[in-house]
Each structure stands twice: as C-alpha cells, then as structure tokens.
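Quick notes on the structure that follows.
Each reported figure results from applying straightforward, stated rules to the coordinates on display, with no laboratory input. As the structure is a prediction and not an experimental result, all values here were calculated from the model. Cβ coordinates were reconstructed from backbone atoms using ideal geometry, including for glycine residues, and neighbour counts include every protein chain displayed.
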Amino acid sequence: MVKKHIFIVFIILTIVLIIYFSMFKQKPTVENLSEGIEVTKEDYIYKDKLLELGYNMNDITTIQKKVSNISAKKFLLYKKYDNLTKFISSPYFDISKIEKYENYYKNNPNYSTDQIVLYVEIGLDNEFYTNINEIDNYLDVKALVNKYNKLPDNVEFDDLVTIDNKYTNGKTLQLRSIAYDNLIDMIEAAKRDNIDLTVISAYRTSEYQNNLFNNSVNKNGMNHALLYSAKSGHSEHQLGLAVDFNSINNSFDQTEEFKWLKNNSYKYGFILRYPKEKEFITGYGYEPWHYRYLGIDIATKIFKENITYEEYLVKFSK
C-alpha cells in the first residue's frame, strides 16, 4: 500500500513538473525570415551595432517591430538612415528599398515620408519607360500595363468580342468578353438616364498602337506624344479592357456624359484611369474619356478612395 502511494505521488509530481517547464521554459530561438520582431527572441542581436551607427534605444525599439534580425544584418548595419524610423511607420514599408526611399526623399523633400514609401513602391523613383517589366499575367483582369509594365510582343487574345455597332461610332471595335457585358449594361443604364455614351476606341493591336504613337509624335512632338499616347506594349487598349467614350477632348469633362460616368462607371467595374492631378503617378495626361475595366469590387474601392490603380495595387494588393 505504501509503495502504491509513493508511486501515485511520483506520478503527480512528474505531471506538475511537466506543466511547470512547459509554461516557463524558454522556447528555442527561431528567426522570422520575413518581417518584424522574432517571436522567440528576448533581445535584438544587432542592438549594439545599431547604437554604434547612431540610432537611440527608441529608434531600435521601432526598428525591431518591423525589421527582423536577418533583414537588419542585410540592410541596416553599414550606414545610418536618417529617416528610417519615419519610413517604418508606413504600412507599405519594405526594408529592402530603404536606400531608394532615402534617395527619393532627398529629391522630393515636400512629400511626406508615407508618400515617399508609396511612390517608391509604385516605381516613381525611376524615370518613365525605364526599368520596364514584361508582364506575364495579361489574361488576368487585374493586369497592370503602364510606363513601367508592358505586354509581350504580339500578344493575342482569343476572347475578343465585337461590340454591337449601335454602341460605337460605326467602327468595328472589340473588347474582351470578361468586360463586354458590363460595358453594355453601363451604356444601357446611362441611356435610361438620358445619357448617350458612344464607344470610339477599344482593343488595339500592337501595330495599330505603334502607328498611333508615331503619328502623335509627327503631329504634336515627342513630349505631347509621351503624355497623351502610349508606346506599343504599354497601352491598356492592347489589354482589350479599356474603352474611350464620345470625344478625345478635355472639354468632355464639362459634359453630362462625363459627370454620369464619373459617378456611375465603378458600379459596372470601370474606372476613370487617368484622372486630373494624378499625371505624375499614371504617367499620362488627364483623359476624361478613358475607362478601364477591373471588376466591380476593385473599381468600387478605387472610386471610394479616390486613388489611381497604381496606388490601389500598393495599398490594397500587397
């Protein structure tokens, strides 16, 4: 009987010890390879080095929350970045681009540090038509084509639909099927509000776009062409997801048709792609006639936030 009691006590003590050590024993060190503080580390291992560079303890606490030890070793141990802790506060911050943020800020001191991070993420620290990326997701309705992102040469789509000529200016125009029904629904909805929308441009081949750009250069000069036309491969029309309405003229924004489009196009998945005062982001002059299909959810978000598609992709897609 005594032995039995001793055995029971031993079992109880063993269970208590197991629970105790499971609660208080330090977990093994594991490095988070992405962002932020390592969940199992009690100290930031590069604290002393950062202090030597000139950061104070408040700075280091801020850095630790967003930059792992591995990232600190890779990007932060060679020089002090004066605005690092300000950039870190941006939700779009990427430690690998800290050098770009600092350089862009020097050239654009009037921007907030949050704007600096946003614009660098968009790619605006590079000149337009430089650092060009050839996209491979051109079948995706969310594909981004702009002055940094181009279509591969001779892309073809097998889902192009000819727009009923009662909605066009007599030309044979095409649009991708994913956008077609919403386009027609939008035009018909506008008609019920006594608004007449006519599609005057839609899908373009690379050859057609190249001719348009060259003609614009010959007629108006290179600077004008770069602002109001796109080089071949860089036009949204070549995606088969963009349309121009009624008139290629800035006075279009004084019409009832424009007012209707501005307030209603998002309900059908289209956005005003090149808005006023966003030219430095989109790379194109104000085009009140140009609308891009992105689907209702994305278009609604862009409309409510009053942002460009480039800004949307940084703010809500990363």
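Between the beta carbons of GLU188 and ASP140, assuming R0 = 25 Å, the FRET efficiency works out to 0.40 to the nearest 0.05.
In this label model, SER177 and ASP159 are separated by 0.8 nm, measuring between points 7 Å along each Cα→Cβ vector.
Counting only alpha carbon atoms, the long axis of helix 177-192 and the longest principal axis of the chain meet at about 60°.
Close amide H contacts of VAL161 (hydrogens built in the peptide plane, cut-off under 5 Å, sequence separation of 5 or more or a different chain): LEU175, ARG176, SER177.
Comparing SER206, SER251, SER265 in a Gaussian network model of the chain, where Cα atoms under 10 Å apart are tied by springs, the biggest mean-square fluctuation is seen for SER251. Restricted to Cα atoms, the chain shows a radius of gyration and a Dmax of 28.0, 108 angstrom. Per residue, the chain reaches -13000 deg cm²/dmol at 222 nm when only DSSP H runs of four or more residues are counted, each adding -39500 (n - 2.57).
Taking label positions 7 Å along the Cα-Cβ direction at both LEU77 and ASP48, the computed distance is 1.2 nm, reported to one decimal.
Taking the longest Cα principal axis of the chain as reference, the axis of helix 57-66 is set at about 60 degrees. Among the chymotrypsin sites (Phe, Trp or Tyr not before Pro) in region 71-139, those located in a DSSP loop and surrounded by at most 11 other Cβ atoms within 10 Å of their own Cβ are TYR78. Each residue, ASN250 and THR300, gets one label point 7 Å from its Cα in the Cβ direction; the gap between the two is 3.4 nm. Using a Förster distance of 35 angstrom, determine the FRET efficiency expected from the C-beta separation of ASN58 and PHE316, and round it to 0.05. That gives a FRET efficiency of 0.70.
Considering only ASN218, ASN126, ASN146, the Gaussian network model of the chain with Cα springs below 10 Å gives its largest mean-square fluctuation to ASN218. Could you tell me which residue out of ASN154, ILE248, THR62 lies farthest along the dipole of the chain toward its positive end? Charges go on the beta carbon: Lys and Arg +1, Asp and Glu -1, centred on the Cα centre. The one lying farthest along the dipole's positive direction is THR62.
Can you pick out the pairs among LYS47/LYS106; LYS74/LYS97; LYS73/LYS100; LYS171/LYS191; LYS142/LYS304; LYS231/LYS259 whose Cα atoms lie more than 23 Å from each other? Violating the 23 Å Cα-Cα cut-off are LYS47/LYS106; LYS231/LYS259.
I need the Debye-formula profile for region 195-244: one equal scatterer per C-alpha, no solvent, reported as log10 I(q)/I(0) at q = 0.21 1/Å, two decimals. Scattering profile of region 195-244, log10 relative to I(0): -0.71. Of all the options LEU239, LEU175, LEU227, the one that moves most in a Gaussian network model of the chain with Cα springs shorter than 10 angstrom is LEU227.
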